[in-house]
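Take a look at the structure set out below.
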Amino acid sequence: MSRLNSRTLGTLPKEVARPAYDRDKITAGFVHLGIGAFHRAHMAVYVDDLLKDNPNWAIIGASLRRPDTKEALEPQDGLYTVAIRDGEGTRPRVIGSIIKLLDANAERDDLLAAMADPQIRIVSLTVTEKGYCHDPASGELDAEHPDIVHDLANPNAPRSAPGIIVAALARRKVAETDPFTVMSCDNLPSNGETTRRIVCRFAELLDRDLGAWVSEHVAFPSTMVDRIVPATTDEDRKAVAELIGAEDAWPVMTEPFTQWVVEDDFPQGRPPFDEVGAQLVENVEPFEQMKLRMLNGSHSTLAYLGYLAGHQFVADAMADPAFVKLISDMQTGEIIPTLPNLDVDFFTYRDELLARFANPALKHRTWQIAMDGSQKLPQRLLGTIRDRLEAELSFTGLALGVAAWMRYVTGVDEDGNDIDVKDPMAERLMAIAAEAGNDPEALCDGLLEVREIFGKDLHDNDTFREVVTEHLVSLFDNGAAETVKAMAEE
């Protein structure tokens, strides 16, 4: 079977959707840092829709950590398949919006040169929460992070996202070129403002004048992004190859739903995002909070409890009525009352989320969602808990999500098997768990000492400690499935 690329594109079956423009006539307007599966299933699809009438907005994509995306897609001329799955089947579409791929480690100068090019007007990023090298509890730059320490000492050879962005902006300042806009597409609260704070602080630490220039001239619009994108498996690759009649080394699998809300702040211009389904607004924060709390908070709770209960996929957990009731009750009674006023029917949104989680065709692993919990918990669960505590309201479902994370990071499941805990703090968290043994109270006390996650306020809050510990005792004594069932019966 032939490999998907520019030469074989025209030979694909007619039912396979493909770029509606001449790829030889498009040029880049974006550089995107973090060219992973989510970006390729989300923003790159919107850009693909744009390019027919806006040919100067293609994407140069860069991998910051590993060269695997470049290695997979470069022989395919940047082409790849988005496979949309639901109960009715799988619909393939070939995306052509990425015209060049770079490995930041091996091609750092090429990346910085591309970002310094005046035709690049937007630098976007999906580098996950940990890629910002920040304190997730405060949202401030972690100046002691190893990558930040390295980049401050080696500003012309940066390896972190903040370091790369500032190095490229420094080149544009020297060349007296207008700065690009920096657009975060990660799940961070007020992601534009958080990115601004981190980048400006890094620039200030590097050079006071540069910091002032970045602060004054660079725009950091916030966004809210939403699409569920499971990790691609070898089975997925085989299925896509059969559908399109060509081998694709790295297709992405996703759901029909997609949403993109963008703060309209682009001094150097932007393509008409609104013409391809994105929503342009003055303030993204309310939408972002809705999504982080209702979708991401529920997703993380499902991931930890579902994994512990033996469910490999989210849809497996959602096949259990007790899990459905737990998540629905948490969203309805604990999360929705904390949300800002929006022209959104929160209860319809809740029902849409429950249906999306239950999509049997979307094989989204609980283990995948459980990654990097130390970075995600503050945004997804702890902010909502703080609001509930301040209002003196109950937060039992949210607390169960936190307790499930604590049980998960012990690194041992309910059958005594090792859990592969993927987290930048994994070693520290598992050391705390080892010291606590199987004592839930000691485990809770030890993990609450991690101020980067819980801050001082939650550490010092007796009510929070008591509720989480109570759930943790049940998880150790009764297991996740029974704990969820008991809550559903209350």
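The values are calculated or read from the model by the stated rules, or taken from the named source; none is laboratory data. Only a predicted model underlies this, so the values are computations on that prediction, with no experimental measurement involved. Heads up, the Cβs are rebuilt from the backbone with ideal geometry, glycines too, and the neighbour counts pull from every protein chain shown.
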Here the residues within segment 434-490 that are assigned to a loop (DSSP other than H, G, I, E, B) and either under 28 Å from the mean Cα position of the chain (by Cα) or small (Gly, Ala, Ser) (or both) are GLY437, GLU449, VAL450, GLY479
Does at least one position in segment 303-323 carry a residue that is in the same structural domain as ASP415 (by TED's automatic domain parsing), touching a Gly at 6+ places or on another chain (Cβ under 6 Å), touching a residue at least 24 places away in the same chain (Cβ under 8 Å) and assigned to a helix (DSSP H, G or I)? yes
Taking the stated definitions as given, is ALA431 crowded, with 18+ Cβ neighbours inside 10 Å, more than 30 Å from VAL240 (Cβ to Cβ), hydrophobic (A, V, I, L, M, F, W, C) and at pLDDT 95 or above? no
Taking the residues in segment 413-433 that are free of Cβ contacts under 8 Å to residues at least 12 places away in the same chain and outside any loop (DSSP other than H, G, I, E, B) as candidates, determine which candidate is nearest to HIS311 (Cα to Cα). ASP418
Filtered residues of segment 382-439 (kept if in contact with a strand residue (DSSP E or B) (Cβ under 9 Å, 6 or more places away or on another chain) and either among the acidic types (Asp, Glu) or not assigned by TED's automatic domain parsing to the domain that holds ASP372 (or both)): ASP418
Sort out for me the strands (runs of 3 or more DSSP E) sitting completely within segment 222-295 that have 3 or more residues that are on the phi < 0 side of the Ramachandran plot and of a type in the set (Lys, Arg). none
In segment 371-396, the residues that are of a type in the set (Gly, Ala, Ser) and over 15 Å from ILE453 (Cβ atoms): ALA391, SER394
Which of the residues belonging to segment 10-49 are in a strand (DSSP E or B) and either of a type outside the set (A, V, I, L, M, F, W, C) or in contact with a helix residue (DSSP H, G or I) (Cβ under 8 Å, 6 or more places away or on another chain) (or both)? ALA28, GLY29, PHE30, VAL31, HIS32, LEU33
Hey, could you check segment 61-82 for residues that are crowded, with 22+ Cβ neighbours inside 10 Å and farther than 11 Å from GLY34 by Cα and say which is nearest to the chain's Cα centre (by Cα)? VAL82
